[in-house]
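Only one structure is covered here, and it is reproduced in the block below.
The values are calculated or read from the model by the stated rules, or taken from the named source; none is laboratory data. Everything numeric here is computed off the predicted structure, so don't read it as measured data. When we count neighbours, we look across all protein chains shown, and the Cβ atoms used for this are built from the backbone with ideal geometry, even at glycine.
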Amino acid sequence: MLMGMIEAGGLETVVDGIREADDDNPKGYHELERVKELDKGGDTSWLDLARGKCVKVISFLLQHLPSEYHYKIVFVRRDLQEILSSQRKMLQRRGEAPGDATDGEMARLFSAHLIKTERELINRTNCEVLYVEHRTAVQHPMEIAVEINRFLGGHLDVQKMANVVDDQLYRNRSTL
């Protein structure tokens with residue numbers, strides 16, 4: 001959703017379209033497969049072409065971003081139970097087994113990962129981070145659009161950004 005907002009606002013996104021929209025993400029994934037190689041120590045020259053653009057990077061791979069670049073990171077925080085529910089439903093739809101870990105174990109591991117990632121980002125002088133709550137983005141898209149626009153330099157169309165948010169696609173809500 002956030003990638004769609006940023007793109008609608010006018011910032012070019014770097015995607016390859018390999019992972020197409022599906023029932024789990026009807027508006028698409030906005031991904032670049034090359035990002036998934038960051039932890040493998042391979043070619044990162046593609047980052048030169050991504051300068052000034054938006055690229056989706058999952059939290060686990062942020063630690064592998066090369067230090068010679070400066071990054072503005074819009075980090076989406078989401079309720080862990082919502083993430084686990086969404087993942088479980090996606091695996092079921094694909095006919096894949098969910099694995100052996102319980103939701104409690106997964107939540108604990110993911111929570112520890114997020115704490116570690118946030119600490120690492122604080123210590124990286126080449127990273128500026130804006131934390132955005134997923135639920136707030138869905139409930140108050142204009143507020144979040146304004147915040148993201150300010151963080152990214154103030155040149156985006158916040159109305160177009162806010163218009164991207166579709167409350168009907170927020171299907172895995174926690175009861176909080």
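Here is how the numbers come out for the structure above:
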item	result
Helices (runs of 4 or more DSSP H) wholly inside region 1-86 containing at least 3 residues that are modelled with pLDDT of 95 or more and closer than 19 Å to Gly154 by Cα	2-9
Residues of region 29-45 that turn out to be in contact (Cβ under 8 Å) with a residue 24 or more places away in the chain and exposed (fewer than 15 other Cβ atoms within 10 Å of the Cβ), as a count	2
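Let's see how each residue does on (1) among the aromatic types (Phe, Trp, Tyr); (2) at pLDDT 95 or above:
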{"residue": "Lys89", "(1), (2)": "no, no"}
{"residue": "Gly99", "(1), (2)": "no, no"}
{"residue": "Met106", "(1), (2)": "no, no"}
{"residue": "Lys116", "(1), (2)": "no, yes"}
{"residue": "Ile144", "(1), (2)": "no, yes"}
{"residue": "Asn149", "(1), (2)": "no, yes"}
{"residue": "Tyr170", "(1), (2)": "yes, no"}
